[in-house]
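Remarks on the structure that follows.
Read the figures in this text as sums done on the coordinates, not as results from a lab. Since this is a predicted model, take the numbers as computed values, not measurements. All Cβ positions, even for glycine, are placed from backbone atoms using ideal geometry, and neighbour counts span all protein chains on display.
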Amino acid sequence: MNNYELYTGLILLLPLAGFITLALTGKRFAPHGAGILATVLLALTTLLSWTVAYGYFFEFGKQGGIYRPCRLMDFEWLPFTDSLSIHIGTTLTPIIAMMLVVIPTVSLLVHLYSIAYMKGEERLGSYFAYLQLFTFSMLGLVMAFNIFQVYFFWELVGVSSFLLIGFYFKLPAAIAAAKKAFIVTRFADLGFLIGILMLGAGAGSFDIEQIISRLTDPGSLYLASFTNGSFLGFSTLTWALLLVFAGGAGKSAIFPLHVWLPDAMEGPTPVSALIHAATMVVAGVFLVARLFPVYAISAPAALEMIAILSAFTALFAAVIACTQTDLKKVLAYSTISQIAYMLLALGVAGWGKETAEGYTASMFHLFTHAFFKAALFLCAGVIIHLVHSGRLEDMGGLRKSLPVTHIAFLLAALSISGFPFLSGFFSKEAILAAAWVHHPVLYTVALVTSGLTAFYMFRIYFLVFFNKKAKEVKAHEPWQMALPLIVLTIGSVLAGYIPFGELVSADGIPFKLHVSILSSILPVSAALIGMLTAALFYATHNNRPAVVAKSLGSFYQWAYHKFYIDTVYLFFAKQVMDKGFGGMFSFIDTHIIQASLNGLSDGTYSFSLLIKRMQSGRIQTYGFFFLGGILLMAILLIIQYI
């Protein structure tokens, strides 16, 4: 175990060292030097992460046939009382080991891809430094065993995403997107902070394993006191967990906190791949999964609300994705929908054997999604590099120009659509099976969303690679960009064949995920209908899309304008917050506080003018005041005795 303690420390220290080195000396590196250094450090981090994950699953993680938490490093950071202190360190559980495979692998491929994609850009040292900070933050977040340590790295993820989204800081749109992401997630993180304070106070500890132990034991005094009080029909514990989920909803862009994610496309495309595939947006899913025993055993009402909100978000985002005309924004709404899919699976999961499949299905989809979504975004980067535009109307007929990108995009699109025997098929089938067991209505929403996913993915596939006459010019696909696409495509095809249930489950007990041919008929049919409809509308240039859009009338316009949620937020920010509350506070500040202070200073100044003659330095004046004072005292004494 000592070697693994060293490995987990190095997993954090290597990207941190890369960030510090590049942040301080990045300008001194040759054009490719910063990228090469960062990539080498990430390659070492990935190797160590895979080693630790393998060791956990196949050497020391299983005890008595059950995968149990293994704490590797533990340091006391802030002692408060004899019984309450904050410790920091690293720990391993099945989902942490799984994330140690996903995060550095995708980050490494993004680093390699960026060497070619960002060629010729300014501030490459800063760019790769931010990538290193982002990776360090996510690895620190997932390996934390203390919920305050999670919060610390949670905020670091927010800072690094702000820096990456706003990398092109000379573009107003990029700065606006970075600020939007930062501000929206800050509102969510306020709820997260209140939630973890409530959990820490209620459980008497900030240690995640102790929180789970104390708040899932039916005989626990902590649980009894935490569930006694109620507000609006929910126990205090349920409210605490909902506030924790609010933080996750912000990071994972769940309605109504989804508005920052599409705008985050203003950052470099490799950043979009990293944020969407394996890091920031899955942090909310990971957070709920990390505390899942408390949700499932002690606060099922919170899980019910998560399931309903996530089902709505999945369908809502899928509908918007069908109407967008920017390639990266379609993929962004796809991410919102898929993340909501994962949370829906967690929401319908329970603690018993019959209902626990949703937990494993959620984590399985997180795993497979990392491959096909990263592949889709990196393909988008190659396409945008070629046409110098992200608009779908500027694309078309690119299948011969970009052969590697074409095959990678096709297989990744098939995988996310749930095409049989690709990785996305297995994880989506597991989610739909779990939803069916829980509630037919949620299953129906998930099924419709699955069909819409196939439609919008093949809509952009045909608009990019077909629709127009094939271009004969063969574009250059550098090996630094082609290799990550090939690796991710292989993952998109084969990742579903991993016996995931035998490695990751809610209670650590291995089990097998089963895919039923009978239950697959509807999902596969929905996916095929979506693909064929997209082919009918977009494989060749025709007026069918315009006719259907016109027939849908205002609904299509509402979907195209994202149901005006951004407009509502903008109105609230400018009219209510700025002009309303801002105007009121400005009036109070100007006419009450500032006026009072100005009046006090003016009165003091006037009084000083009045009395300054008493200290004029003239002997005659002092004599006059002296004699006047004696005369006044004499008069007062006479009056007193009369």
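Here are the numbers:
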quantity	calculated
Given charges at beta-carbon only (K, R positive; D, E negative), |dipole| of region 326-402 in Debye	220 debye
Length gained when the stretch Leu532-Leu483 is fully extended (0.36 nm per residue, less Cα-Cα span)	14.6 nm
Protection proxy ranking of 246-258, 228-240 - average other beta-carbon atoms within 10 Å, highest first	246-258, 228-240
Relative contact order of the chain, pairs being alpha-carbon contacts under 8 Å that are 6 or more residues apart, as %	11 percent
Ala176/Ser606 FRET efficiency (R0 45 Å; Cβ-Cβ; nearest 0.05)	0.40
Crossing angle, helix 594-611 versus the chain [Cα axis fit, 0-90 degrees, rounded to tens]	20 degrees
Relative contact order (%) - criterion: Cα under 8 Å, at least six apart; region: region 484-585	9 percent
Fewest-first ranking of Arg391, Arg290, Arg71, using other Cβ atoms within 10 Å as the exposure measure	Arg391, Arg71, Arg290
Region 90-206: relative contact order as a whole-number percent, Cα under 8 Å and 6+ apart	21 percent
Approximate spin-label separation Gln620-Glu121, in nm, with each point projected 7 Å along Cα-to-Cβ	8.2 nm
Thr567 versus Met633: modelled label distance in nm, points set 7 Å from Cα along the beta carbon direction	8.2 nm
Sites Met577 and Ala549, calculated FRET efficiency, Cβ-Cβ separation with R0 35 Å, nearest 0.05	0.50
Projected area averaged over orientations for region 567-641, convex hull of C-alpha atoms, nm²	8.8 nm²
Cα-Cα separations in the chain greater than 31 Å, expressed as whole percent	55 percent
Cα centre as origin, Lys/Arg/Asp/Glu Cβ charges: the chain dipole, Debye	1780 debye
Nearest 10 degrees, 0 to 90: helix 124-143 Cα axis against the chain principal axis	90 degrees
Within region 40-83, backbone nitrogen closer than 13 Å to the virtual label 7 Å beyond the Cα of Glu5 toward Cβ	71-76
Lys, Arg +1 and Asp, Glu -1 on Cβ, resulting dipole of region 567-641 about Cα centre, debye, nearest 20	220 debye
Where labels lie 7 Å past Cα in the beta-carbon direction, separation of His476 and Thr216 in nm	5.5 nm
Footprinting exposure proxy for Ser551, Ser114 (fewest neighbouring C-beta atoms within 10 Å first)	Ser551, Ser114
Cβ-based charge dipole, region 567-641, positive-most Cα from Phe607, Phe587, Val568	Phe607
log₁₀ of I(q)/I(0) at q = 0.18 Å⁻¹ - region 402-509, Debye sum with one point per alpha carbon	-0.98
Per residue Cα convex hull volume in Å³ - calculated over region 286-326	59 Å³
Proxy reagent accessibility, fewest Cβ within 10 Å first, across Ser337, Ser389	Ser389, Ser337
Added length on full extension, which subtracts the Cα-Cα distance from 0.36 nm per residue, Val40 to Glu209	57.4 nm
Label zone at Thr540, where the point sits 7 Å out along the Cα-to-Cβ direction: region 449-468 residues whose backbone N lies under 12 Å	467-468
On Cα atoms only, tilt of 94-117 relative to the major axis of the chain in degrees	90 degrees
